[in-house]
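Notes follow the structure.
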Amino acid sequence: MAHVTSQGYAKVYNLLFGIAVFAMLIIFCLQLITGLIKCTPTALTRAALGLTKPVLGSFLVITITSSGLQIVDQLSNGIVQATGETIETMGGKSRSLLRA
């Protein structure tokens, strides 16, 4: 069972978050500079909205992925229990089929 909120995943998230913050700041500055060059008064608003969407989207994707994995795990456990088996016996049977 994969837990996307476990410590191993958290380390990867933190690393990617640091890289993403750096990239987002560069893009934010480029949007502001472009707005200054073109003399558009809405440049700051566009740049702020441009930062907000990916941040909210990434949290949404992680939440949906975690929920989806939990749902699939529960459905799988229910199917295995409905057959009268356990995960261990099903694993043993699949290993014996692979050897044959």
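The values are calculated or read from the model by the stated rules, or taken from the named source; none is laboratory data. Treat the numbers as computed from the prediction; the structure is a model and nothing was measured. Ideal geometry is used to build each Cβ from the backbone, glycine not excepted, and the neighbour counts take in all protein chains shown. Quick note on the areas: whole protein, heavy atoms, side chains included, nothing else; ligands and nucleic acids left out. Shrake-Rupley method; radii C 1.70, N 1.55, O 1.52, S 1.80 Å.
Some values worked out for this structure:
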quantity	calculated
Inter-residue pairs, beta-carbon under 9 Å, first farther than 16 Å from Gln74 by Cα and without any contact (Cβ under 8 Å) to a residue 60 or more places away in the chain and in the stretch 84-96, second assigned to a loop (DSSP other than H, G, I, E, B) and open to solvent by less than 60 Å² (accessible area, probe 1.4 Å), 6+ apart	Lys93/Glu85
Failed criterion for Asp73 (all others in (1) over 17 Å from Ser6 (Cβ atoms); (2) among the acidic types (Asp, Glu); (3) touching a residue at least 60 places away in the same chain (Cβ under 8 Å) hold)	(1)
Among (1) touching a helix residue (DSSP H, G or I) at 6+ places or on another chain (Cβ under 9 Å); (2) part of a helix (DSSP H, G or I), the one test that Glu85 misses	(2)
Some residue of the stretch 54-62 being hydrophobic (A, V, I, L, M, F, W, C), open to solvent by less than 70 Å² (accessible area, probe 1.4 Å) and touching a helix residue (DSSP H, G or I) at 6+ places or on another chain (Cβ under 6 Å)	no
Residue within the stretch 58-81 that is assigned to a helix (DSSP H, G or I), touching a Gly at 6+ places or on another chain (Cβ under 6 Å) and at pLDDT 80 or above present	no
The stretch 1-52, subset polar (S, T, N, Q) and not in a helix (DSSP H, G or I), residue most open to solvent (accessible area, probe 1.4 Å)	Thr5
Scan of the stretch 32-76 for residues that are over 18 Å from Tyr13 (Cβ atoms) and small (Gly, Ala, Ser), ordered by number	Gly35, Ala43, Ala47, Ala48, Gly50, Ser76
Where Leu15 falls short, out of the listed (1) under 26 Å from Gly68 (Cα atoms); (2) at pLDDT below 85; (3) among the hydrophobic types (A, V, I, L, M, F, W, C)	(2)
